[in-house]
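Written below as structure tokens is the structure these notes are about.
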Amino acid sequence: MPESPRHPRAALRWTAPLMAGALALTSCSAADDAGRDGAGTASETGPAGTLTVLAAASLTDVFTELAEEFEADNPGVEVELSFAGSSALATQINSGAPADVFASANTDTMALVVDGAGLDTAWAADHGEDGGVFATNTLRIAVPADNPAGVEDLADLSDDSVATALSAPEVPCGAATAAVTDTADVEIAAVTLEQDVRAVLTKVELGEVDAGLVYATDVAAAGDAVEGIDFPESGSAVNEYPVGVLAGAPEPELAAAWVDLVLSDTGADALTAAGFGTP
């Protein structure tokens, strides 16, 4: 499973009768347990279960926010989030790691899962066999707040005196980096290749490098710790983020409800506030 931290949360209730019949067995089991313990719980009147969501590292902040909202609306449900590079998550899913939902930072990585472990067939029949695109993102140059190397544009990162962190090429951010540097005809000799974009951002925040290529949303999440620099070539690599319910999901009904939230106006508002574009 991914090495990134999980986010345990309190059990909460449903506010709408979503898939009540399908979840009745879970509810009844929780109620029976409560009866044996001699104390009632919120799960007696709603579904209980743990929803496991694997998501691209760049979704850390917004998915954590949405998970809190999902749980607040649904007592008895715990959302367990795990963030990492999309390619690493895809490998884990295709190797049999149990999970309910996958949200990738690009369509190519989702395609690896679709062709491997696959998406839930019933969900895919209604939402698309390649998952549902819910957000877009573009690259920015991130530099420490004082910009010690005086970076102004993408070409500056080709200077050997500028220590630059990049994402590994198999990671969606790394693939986008390759696309923009090809467009700009710029060659960057990175001092480190990281396995997810948040690791690149951390290098910049700590001042361990002079610059890094990250998403616009990562710059927004870092606040005053970094400065974001726009560059025109970023438009040549706009990442589309798809999400889907996984085949064999332990909690398919909960998974479908979570994806509905991500694809809803509420989800779009949260994504926009975090700096994502929406399709």
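Read-outs throughout are calculated quantities, based only on the coordinates presented, and are distinct from any laboratory measurement. What you are looking at is a predicted structure, and each value in this text was computed from that prediction instead of being measured. Because the Cβ atoms are built from the backbone with ideal geometry, glycine has one as well, and the counts that use them run over all protein chains shown.
Laid out as a table, the results:
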quantity	calculated
FRET efficiency estimate (nearest 0.05) - Cβ-Cβ, Ser95 to Thr50, R0 22 angstrom	0.60
Hydrodynamic radius by Kirkwood, which averages 1/r over all alpha carbon pairs of the range 140-265, in angstrom	15.6
5 angstrom amide H check on Thr50, placed H, neighbours 5+ away	Glu78
Mean projected area in nm² (Cα convex hull; one quarter of hull surface) for the range 43-119	5.1
Spacing of the two label points (7 Å from each Cα toward its C-beta) at Ala178 and Glu69, in nm	3.5
Rh by Kirkwood over Cα pairs, then Stokes-Einstein D for the range 55-208 at 0.692 mPa s and 37 °C, µm²/s	189
Distance between modelled label sites at Thr107 and Ala122, nm, 7 Å Cα→Cβ extension	2.8
Three semi-axes of the equivalent ellipsoid, the range 92-164, Cα gyration tensor, whole Å, largest first	39, 14, 10
Sequence-separation-based contact order of the range 139-236, relative, with Cα cut under 8 Å and 6+ spacing, percent	45
The range 139-174 residues near the modelled Ala220 label - backbone nitrogen below 19 Å, point 7 Å along Cα→Cβ	139-143, 173
